[in-house]
1. Quick check: convex hull over the Cα atoms of the stretch 86-159, volume per residue in Å³, rounded to an integer?
2. Report the label-to-label distance for Tyr47 and Ile72 in nanometres (one decimal), using points 7 Å from each Cα along the Cα→Cβ vector.
3. What list do you get for Lys134, Lys115 if you sort them by fewest beta carbons within 10 Å?
4. Give me Rg/Rg_expected for the chain, where Rg uses Cα atoms only and Rg_expected = 2.2 N^0.38 Å with N residues.
5. To the nearest 10 degrees, how steeply does helix 132-142 sit against the main Cα axis of the chain, on a 0 to 90 scale?
6. Between Asp140 and Lys96, what length comes free when the chain is fully extended (0.36 nm per residue of separation minus the Cα-Cα distance, one decimal in nm)?
7. Before rounding to the nearest 500, sum -39500 (n - 2.57) across all DSSP H runs of length at least 4 in the chain and divide by the residue total; then give [θ] at 222 nm in deg cm²/dmol.
8. Taking the 0 to 90 degree range and rounding to the nearest ten, how far is the long axis of helix 100-111 tilted relative to the main principal axis of the chain, both from C-alpha atoms?
Amino acid sequence: MSTEKKHTISVLVDNHFGVLARVSGMFSTRGFNITSLCVGETADARYSRMTVVVLADDAALGQVIQQLNKLIEVIDVVDLTSESFVERELVMAKVKASGKERGEVIELASIFRAKVVDVGAQYMTVECTGAAGKISAFIDTIRGYGIEDLVRSGEIAIARSPK
């Protein structure tokens, strides 16, 4: 019986060339499959925050976190899974919609608090943000209209503020 579970890891790193490869390599060389990886600058452009989502057992992941903390470019590593945190993902989908379908797609978008960001002769592009489950439900719902193209960001996460 596997003891693997989904872990959402936040890694604060120096913002320079090669850091992404070293950090992601730390996971891959130990046989972890990264299911989501997002990286972006923080409020201070000298640093980037990586959100890494992996399936792993606690003990093996603990070893990887220890190794990550030894990298010079890594400032902080937190397994958010054991904390209260907020996660979000973004999806943009180009959906086939002309005539009455446009109104239906706009109505569905409204239900998911999504918004139309582009309209063409035959397609509409809809943007939706939320937790991974909401994004998957949104995609499943609009699939019936015909998805021409779709891009999904992967998860970003941040620890909740103390109450």
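1. Measuring per residue, one finds 71 Å³ for the Cα hull of the stretch 86-159.
2. With each label point 7 Å from Cα toward Cβ, the separation is 1.9 nm.
3. So the ranking, lowest neighbour count to highest, is Lys115, Lys134.
4. That works out to 1.23 for the chain.
5. With both axes taken from Cα atoms, the answer is about 20 degrees.
6. Length difference between fully extended and current span is 14.4 nm.
7. Roughly -8500 deg cm²/dmol at 222 nm, from the helical runs in the chain.
8. On a 0 to 90 degree scale, this one is about 40.
All of the numbers you see were taken from the coordinates with simple rules; none came from a lab. Computed from a predicted structure; not experimentally measured. Reconstructed Cβ throughout: ideal geometry from the backbone, glycine too, with neighbour counts over all protein chains shown.
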